[in-house]
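Student: Mind having a look at this structure? Questions to follow.
Every number here is computed from the coordinates shown, using simple stated rules; none is lab data. Predicted, not measured: the structure shown is a model, and the values here were computed from it. Neighbour counts are summed over all protein chains in view; Cβ atoms, including those assigned to glycine, are modelled from backbone coordinates with ideal geometry.
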């Protein structure tokens, strides 16, 4: 007799991309880290912010905002990968003009796993020189 924890999850996409996800349990909120551009990158015209998410399941929706407004261009999000500890991790990259970062806009990475959401924000003045 074997016991274990199993999360049942079914995702169906229909219509114009409407996604319905049904799970058999409540899901833990993702844990996020938001990394600023490197000092070397700041010498160029474009910089990249990196959002790292750790989750209990393989599916998530990631979105970015700049000063509260949605950002869609310049975003690349990896597929989730399972780690040795059986959690899942994904990375999302937001590439912006250096001037947007220097102007101290607030950039926010939002990650949703089912109805559970986490977000992390960062602006240039939050970072030490």
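Student: If contacts are Cα pairs under 8 angstrom and at least 6 residues apart, what is the relative contact order of the stretch 27-126 in percent?
Tutor: 35
Student: Let me ask another. What FRET efficiency comes out for residue 31 versus residue 76 if R0 is 35 angstrom and r is the Cβ-Cβ distance? Round to the nearest 0.05.
Tutor: 0.95
Student: Mind sorting 119, 41 by how few other Cβ atoms lie within 10 Å of their own Cβ, fewest first?
Tutor: So the ranking, lowest neighbour count to highest, is 41, 119.
Student: Using a Förster distance of 22 Å, how high is the FRET efficiency between residue 38 and residue 69, based on the Cβ-Cβ distance and rounded to 0.05?
Tutor: 0.30
Student: Which shape class, rounded, prolate or oblate, goes with the stretch 27-126 when its Cα gyration tensor gives a ≥ b ≥ c as root eigenvalues, a/c under 1.5 marks rounded, and past that a/b bigger than b/c marks prolate?
Tutor: Numbers: a/c = 2.33, a/b = 1.81, b/c = 1.29.
It comes out prolate by the Cα gyration axes.
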